[in-house]
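The structure under discussion appears below in the form of structure tokens.
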Amino acid sequence: MTTGAGPVIKAARVTPILIWDPPLLNLVGVHQPYTPRLIVEVESESGVVGVGETYGDTAYLEIAHALAATLPGRPLASMNELGRRPSGMEDRRLGGEDEQDKSGFRGVLTTSKLHASVVSAFEVACLDALGKESGLPVHALLGGKVRDRVDYSGYLFYRWAVHPGDDVPSDDWGSALDPAGVVEQARRFDAAYGSRSFKLKGGVFPPDQEVAAIRALREAFPDRPLRLDPNGSWSVETSVRVAQELDGVLEYLEDPTLGTSAMAEVHRRTGLPLATNMCVTSFDEVPEAFAADAVQVVLSDHHFWGGLLATRDLAALCRVYDVGVSMHSNTHLGISLAAMTHVAATVPELRYACDTHRPWQTEDVVTLPHTFADGAIEVSDAPGLGIDLDRDALERLHRRWLDSDVRDRDDVGAMRAAVPGYQRPAFPKW
Ligand SMILES: O=C([O-])C(=O)C[C@H](O)[C@@H](O)C(=O)[O-]
Ligand SMILES: [Mg+2]
């Protein structure tokens, strides 16, 4: 059945899964061996199925179940309606004063940010289904691509070879705990994916050690853009010192410190462009941050901002205020990578390589995982997202979720397995 508004939704399904994750280190701890993701399917009355993907932690799952129940009978093309916060859901801050989002590293967490992340998966699924219904790729539904390839940076992490308590290596990447290890990892990204730029996840070791790693990368790769992201773990004074030491070396410094005024001060005192996926992660936070010139590059993320259409709204705002735009990522699979690539293909002002965690994932729920060439992914012109759901893999990873008691990402808890009594560090760490 169709209405004046096009094909109608017959069913919406949410499937929580656990995916394997390597022991990547960050400012608060280490990735646990299995992390939750949520796969969303939206089926039209003609039997066409669109897919989306988002965070799978308990709070997201609850919202997703509630949202899925409201979809049958709505047109697939009701994305603008989908994004509205339900009338009963008040927008409130979650966690304590200094509590940051544990699974997304998106700064202050609120109920509406959680809601936007869930909406993003349903919106992507609706766009995928609409594309399949109409024979058009998702980028065409967003107004058309302006590039045929989307660049992704090589996302480097300090890491261990094994998860705490394991005897056998978690994968064949080995450990990376010093400048030489970071350079070796970058060389593998270069060889395997052709990465044209590198981002190092910082906030793990004292800043001088991370500065040394960036210098080693610069020596090994004299021409490649470099970024460092300590996720807000430094004070203003430490941020200023690091920015001055790395003057002329970094393409941008990502979230050196927390909060609009601290970020603005670091930029004012150093002139270095600052990027963020923590200071500004919702439309509400834009006016204050842009007025204070606290961020010069916003790292969009369709999971944060509420979908692909919202990502384009964000890009338009950035255009008006002459703020750069690039893309953040978190642990994710091929459905999200397809969605990221489609929307990135439509944003004319995207001048930086996007982030992706995908190379770190050894599992997927798509039949043909994306391949990188020269650090980029080809934009698909096939209908919808241009991917197919691997139902056997989905079933297997869902079974793992059913058989496990892991329900939330918890990098602090995972660190406790290695360091008994370990607590989340106080901020600023340095
Ligand atoms: O750019 C970022 O802040 C991230 O990618 C956040 C991630 O959660 C990262 O720190 C991680 O995976 O540990
Ligand atoms: Mg970041």
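The values are calculated or read from the model by the stated rules, or taken from the named source; none is laboratory data. These numbers were taken from a predicted model, which means no experiment stands behind them. Here the Cβ is made from the backbone with ideal geometry for all residues, glycine too, and neighbour counts use every protein chain on show. Accessible surface areas use protein heavy atoms only, side chains included; no ligands, DNA or RNA. Shrake-Rupley method; radii C 1.70, N 1.55, O 1.52, S 1.80 Å.
What do you reckon, is P222 open to solvent by 60 Å² or more (accessible area, probe 1.4 Å) and assigned to a loop (DSSP other than H, G, I, E, B)? When the stated conditions are applied, P222 passes them. Screening the candidates G259, G203, G232, G248 for the property of being open to solvent by 30 Å² or more (accessible area, probe 1.4 Å), at positive phi and within 16 Å of ligand 2 (Cβ to nearest atom) yields one hit, G259. Scanning the range 355-387 for residues that are outside any loop (DSSP other than H, G, I, E, B), away from ligand 1 (no atom under 16 Å from the Cβ) and open to solvent by 10 Å² or more (accessible area, probe 1.4 Å) yields A373, E378.
Going by what's in this entry, would G50 be described as crowded, with 19+ Cβ neighbours inside 10 Å, in contact (Cβ under 8 Å) with a residue 60 or more places away in the chain and over 30 Å from F189 (Cα atoms)? The answer is yes for G50.
Regarding T341, is this residue in the same structural domain as M278 (by TED's automatic domain parsing), out of contact with any helix residue (DSSP H, G or I) (no Cβ under 7 Å at 6 or more places or on another chain) and within 25 Å of I19 (Cα to Cα)? Criteria met by T341.
Filtered by the rule that a residue be under 15 Å from G107 (Cα atoms), within 16 Å of ligand 2 (Cβ to nearest atom) and open to solvent by 10 Å² or more (accessible area, probe 1.4 Å), the range 269-289 gives M278, C279, S282, E285. The residue that is farthest from F304 (Cα to Cα), among those in the range 138-154 that are crowded, with 24+ Cβ neighbours inside 10 Å and not hydrophobic (A, V, I, L, M, F, W, C), is G154.
Of all the numbered requirements in (1) in a helix (DSSP H, G or I); (2) open to solvent by less than 10 Å² (accessible area, probe 1.4 Å), L309 misses one, and that requirement is (2).
As for the range 290-299, it holds at least one residue that is within 14 Å of ligand 1 (Cβ to nearest atom) and either closer than 29 Å to P16 by Cβ or open to solvent by 10 Å² or more (accessible area, probe 1.4 Å) (or both). Could you list, in sequence order, all residues of the range 271-288 that are within 16 Å of ligand 1 (Cβ to nearest atom) and either assigned to a loop (DSSP other than H, G, I, E, B) or out of contact with any Asp or Glu (no Cβ under 8 Å at 6 or more places or on another chain) (or both)? Of everything in the range 271-288, those that are within 16 Å of ligand 1 (Cβ to nearest atom) and either assigned to a loop (DSSP other than H, G, I, E, B) or out of contact with any Asp or Glu (no Cβ under 8 Å at 6 or more places or on another chain) (or both) turn out to be P273, N277, M278, C279, V280, T281, S282, E285.
Among the residues of the range 14-33, not a single one is open to solvent by 10 Å² or more (accessible area, probe 1.4 Å), under 17 Å from G131 (Cβ atoms) and without any contact (Cβ under 8 Å) to a residue 60 or more places away in the chain.
To keep it simple, each residue is scored yes or no on (1) within 16 Å of ligand 1 (Cβ to nearest atom); (2) at negative phi; (3) among the aliphatic types (A, V, I, L, M).
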{"position": "P7", "(1), (2), (3)": "no, yes, no"}
{"position": "T15", "(1), (2), (3)": "no, yes, no"}
{"position": "L24", "(1), (2), (3)": "yes, yes, yes"}
{"position": "P36", "(1), (2), (3)": "yes, yes, no"}
{"position": "V51", "(1), (2), (3)": "no, yes, yes"}
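Could you grab the pairs with beta carbons closer than 7 Å, sequence gap of 6+ or different chains, first residue in the range 218-245 and closer than 18 Å to D355 by Cα, second one away from ligand 2 (no atom under 16 Å from the Cβ)? Final answer for the pair search is R224/R196; L226/L217; L226/R218; L226/V249. In this structure, does V266 turn out to be crowded, with 22+ Cβ neighbours inside 10 Å, more than 14 Å from ligand 1 (Cβ to nearest atom) and more than 25 Å from H332 (Cα to Cα)? Yes: the conditions hold for V266.
Contact annotation: residue pairs with Cβ atoms under 7 Å, 6 or more positions apart or on different chains, pairing a residue in the range 190-204 that is in contact (Cβ under 8 Å) with a residue 60 or more places away in the chain with a partner that is open to solvent by 10 Å² or more (accessible area, probe 1.4 Å) and among the small types (G, A, S), are G194/A373; R196/A353; S197/A353. Residues of the range 174-196 include none that is within 16 Å of ligand 2 (Cβ to nearest atom), surrounded by fewer than 19 Cβ atoms within 10 Å (Cβ to Cβ) and farther than 20 Å from W430 by Cβ. Residue check: is P348 under 23 Å from H139 (Cα atoms) and either part of a loop (DSSP other than H, G, I, E, B) or without any contact (Cβ under 8 Å) to a residue 24 or more places away in the chain (or both)? Considered against the rule, which asks whether it is under 23 Å from H139 (Cα atoms) and either part of a loop (DSSP other than H, G, I, E, B) or without any contact (Cβ under 8 Å) to a residue 24 or more places away in the chain (or both), P348 comes out as yes. Entry remark, the range 146-171: residues being in a loop (DSSP other than H, G, I, E, B) and either more than 24 Å from the chain's Cα centre (by Cα) or at pLDDT 95 or above (or both) number 15 in total.
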